[in-house]
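Engineer: Attaching a single structure in structure tokens format; questions to follow.
The values are calculated or read from the model by the stated rules, or taken from the named source; none is laboratory data. A quick note: this is a predicted structure, and the numbers were derived from the prediction, not measured. Glycine also receives a Cβ, built like all others from the backbone with ideal geometry; neighbour counts cover every protein chain displayed. We work out accessible area using only protein heavy atoms, side chains counted, and drop any ligands, DNA or RNA first. Shrake-Rupley method; radii C 1.70, N 1.55, O 1.52, S 1.80 Å.
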Amino acid sequence: MPEGDTVWRTARRLHLALAGRELTRSDLRWPSLATVDLTGRTTLEVVARGKHLLHRLDDGRTLHSHLRMEGSWRVHPVPGPARLPGTTRAVLASAEHVAVGASLGMLDLVPTREEHTLVGHLGPDLLGRETELEVVLDAYAAQGDRPVGEALLDQRLACGIGTLYAAESLFLRRVDPWAGAGSLPRETLTAVLTTARSALVANCSRAVQRTTPPSLREPTWVHGRARRPCLRCGTPVRVDPLGTPPTDRVLFHCPTCQGSHPR
Ligand SMILES: [Zn+2]
């Protein structure tokens with residue numbers, strides 16, 4: 001699942017390839033957009049908002065996409081790949097670059113001034129300059145008994161944190177992911193949030209997501225390491241469900257380091 005930093009890097013790649021240039025090719029393979037042709041429009045900018053990508057055009061419209069679980073946007077030099085993947089949902093090209101969106105979870109075209117109807121339900125973007133960490137901490141503290149791991153993943157409270165950064169920041173701060181968010185001391189919530197945010201920011205400029213120091217071979221402390229020994233204490237790492245269907249996820253944790261109690 002792409003995290004905020006993946007979406008941010010994708011937006012930057014698309015922006016560098018397309019911003020300020022006229023679209024010379026537009027192929028939107030999405031039922032509601034099948035007749036839309038963006039050829040001749042100029043890309044103003046491509047930005048990330050949480051896990052959403054906003055591709056703003058000079059005609060006052062925004063092409064909105066979401067990577068969901070498997071989606072990606074890849075940028076190629078012209079003429080682009082000889083064969084497009086069967087999962088291709090969008091192709092946009094300038095004179096120099098071809099951007100191919102595959103397995104996208106959402107694709108919409110909206111007036112730029114109405115972008116908030118798509119992303120307005122999101123909390124502050126942890127990668128945004130305007131992020132008010134105090135506002136996010138207040139939102140977490142108001143969650144009562146709701147597991148803190150679940151609160152971290154709730155994009156309405158703050159956007160950018162997926163299961164990797166939630167698991168890693170809780171592990172690094174030795175916090176039980178199932179502890180009630182509202183029951184944790186403010187300094188604990190602050191430590192978890194700033195750890196997650198630092199990891200997100202650091203990974204914006206890296207090709208491979210990593211939360212461990214370069215001296216360790218493993219890129220993560222617990223995420224993706226079920227049944228393997230905890231890098232701190234040797235206890236087998238566990239993975240347990242978190243949250244309630246249909247938004248339930250799984251989270252990796254060390255029961256010893258974090259004293260975790262899945263529920
Ligand atoms: Zn451990």
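Engineer: Can you work out which of the residues in the stretch 216-253 that are farther than 25 Å from D154 by Cβ and under 22 Å from the mean Cα position of the chain (by Cα) is nearest to the ligand (Cβ to nearest atom)?
Structural biologist: Only one residue fits best here, namely E218.
Engineer: Given (1) of a type in the set (S, T, N, Q); (2) within 16 Å of the ligand (Cβ to nearest atom); (3) in a helix (DSSP H, G or I), where does S198 come up short, assuming only one miss?
Structural biologist: Just one mismatch for S198, condition (2).
Engineer: Separate question: So I161 passes all but one of these: (1) open to solvent by 20 Å² or more (accessible area, probe 1.4 Å); (2) in contact with a Gly (Cβ under 9 Å, 6 or more places away or on another chain); (3) in a loop (DSSP other than H, G, I, E, B). Which condition number does it fail?
Structural biologist: All conditions are met except number (1).
Engineer: Take E115 and decide whether it is assigned by the TED database to the domain that holds L53 and either farther than 22 Å from L251 by Cα or of a type in the set (V, I, T) (or both).
Structural biologist: The answer is yes for E115.
Engineer: Report those strands (runs of 3 or more DSSP E) wholly inside the stretch 22-79 carrying at least 3 residues which are touching a strand residue (DSSP E or B) at 6+ places or on another chain (Cβ under 9 Å) and either under 18 Å from T112 (Cα atoms) or open to solvent by less than 40 Å² (accessible area, probe 1.4 Å) (or both).
Structural biologist: Once the strands (runs of 3 or more DSSP E) in the stretch 22-79 are filtered for at least 3 residues that are touching a strand residue (DSSP E or B) at 6+ places or on another chain (Cβ under 9 Å) and either under 18 Å from T112 (Cα atoms) or open to solvent by less than 40 Å² (accessible area, probe 1.4 Å) (or both), what remains is 43-49, 52-57, 61-66.
Engineer: Which residues, counting only those in the stretch 203-215, are within 16 Å of the ligand (Cβ to nearest atom) and surrounded by fewer than 18 Cβ atoms within 10 Å (Cβ to Cβ)?
Structural biologist: Within the stretch 203-215, just T212 meets the criteria.
Engineer: Okay, moving on. Six or more apart or on different chains, Cβ atoms under 8 Å: show the pairs whose first residue is in the stretch 206-234 and outside any loop (DSSP other than H, G, I, E, B) and whose second is open to solvent by less than 60 Å² (accessible area, probe 1.4 Å) and within 15 Å of the ligand (Cβ to nearest atom).
Structural biologist: P229/T235; P229/V237
Engineer: What's the number of the only condition in (1) within 13 Å of the ligand (Cβ to nearest atom); (2) open to solvent by less than 70 Å² (accessible area, probe 1.4 Å); (3) not in a loop (DSSP other than H, G, I, E, B) that T256 fails to meet?
Structural biologist: Condition (2) is where T256 drops out.
Engineer: Could you list, in sequence order, all residues of the stretch 161-187 that are touching a strand residue (DSSP E or B) at 6+ places or on another chain (Cβ under 6 Å) and of a type outside the set (S, T, N, Q)?
Structural biologist: Across the stretch 161-187, the qualifying residues are A167, P177, W178.
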